[in-house]
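Data first, discussion second: the structure below is written as structure tokens.
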Amino acid sequence: MADEQTTTTNDNPVQETILGSQVSDNQTTDWRSSLSEELKADATLSNIKDVESAAKTLIHQQKMLGSRIPLPKTEEERSELYTKLGRPASGDKYEINIPDTHKGYFNDEQVKEFRNVAHKIGLNNQQVTDLIDYQLKSVDYETQRKNTQITVDKQTTEDLLRKEWGYDYDKQHRNAQRALEVYGDTELKELMNGEAGNIPAVVRLFAKLGSEVTEDMAKNTQNNTLAVSPLDAKAEIESIQQNKSHPYHNGQDREHKNAVEHMRQLHEKVFV
């Protein structure tokens, strides 16, 4: 074309057109030209197009290396690393908060030993808190599981004894409760309120004891307020109130006075 001409410099031919000028593609300067042949051939540089890109890549890599933590080789270096990661100066510095509802599951010696182990293996306070929270949840889960199992066992035992005792089930059940009320101390009652109270053989034993207690206490109960348990007294009050033919309800009955006194003693046993 008439408007296009080519000028030549000492090194590179330059084409000039109405759109501007450019160096021929096959003569573009390669930033790697000053490198050794070995470096030129390294695949690491294949995606770096110019010196500026190479500089940015180098800076980025240096920053990455500076943020990395070298693996400790000695006990001293390991201790220093743990401190940098947030481990307190000593085990007693951990912030461990156990709710009052769960303190019975963690004695002081156990907590102290846990602090020492946590410090030895380099845990920070957040890690210790997370482990304690996990343990608390485990306690809650186990308590719930145990209570559920007790409920299931209770139903199983009741079904078994109802089949065995038939119409006498309610009576035998009251006998067992009566024996526990008369003979049971705080420790035994607590035990019977748990898994032990659902063992059929144990319930049978208490029912038998309760039956014997009832026969023994039935003697002279009218003149001996200590001869009947509160549970027995409550059951007898309900029985008398439901039995309208009882002398207690008939002021003309010659036993009415004794029946009134007997009812008074029963109420005293239950409510006083």
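Side notes on the structure shown:
- Residue-level analysis places residue 220 among those that are at positive phi and either exposed (fewer than 13 other Cβ atoms within 10 Å of the Cβ) or at pLDDT 90 or above (or both).
- Some residue of segment 77-86 being over 50 Å from the mean Cα position of the chain (by Cα), assigned to a helix (DSSP H, G or I), of a type in the set (Val, Ile, Thr) and modelled with pLDDT of 75 or more: no
- Test: residue in segment 137-147 that is surrounded by 13 or more Cβ atoms within 10 Å (Cβ to Cβ) and over 21 Å from the mean Cα position of the chain (by Cα): no
- Which listed residue, of 182, 117, 203, 128, is buried (at least 16 other Cβ atoms within 10 Å of the Cβ), under 30 Å from residue 76 (Cα atoms) and not polar (S, T, N, Q): 128
- Of the residues making up segment 95-149, those that are assigned to a helix (DSSP H, G or I) and either among the charged types (D, E, K, R) or touching a helix residue (DSSP H, G or I) at 6+ places or on another chain (Cβ under 6 Å) (or both) number 23.
- Unmet criterion (only one of (1) among the acidic types (Asp, Glu); (2) over 28 Å from residue 212 (Cβ atoms); (3) part of a helix (DSSP H, G or I)) for residue 187: (2)
The values are calculated or read from the model by the stated rules, or taken from the named source; none is laboratory data. Bear in mind that the values here come from a model prediction, so they are computed numbers and not experimental data. For neighbour counting, all protein chains shown are included, and Cβ atoms are generated from backbone atoms with ideal geometry for every residue, glycine included.
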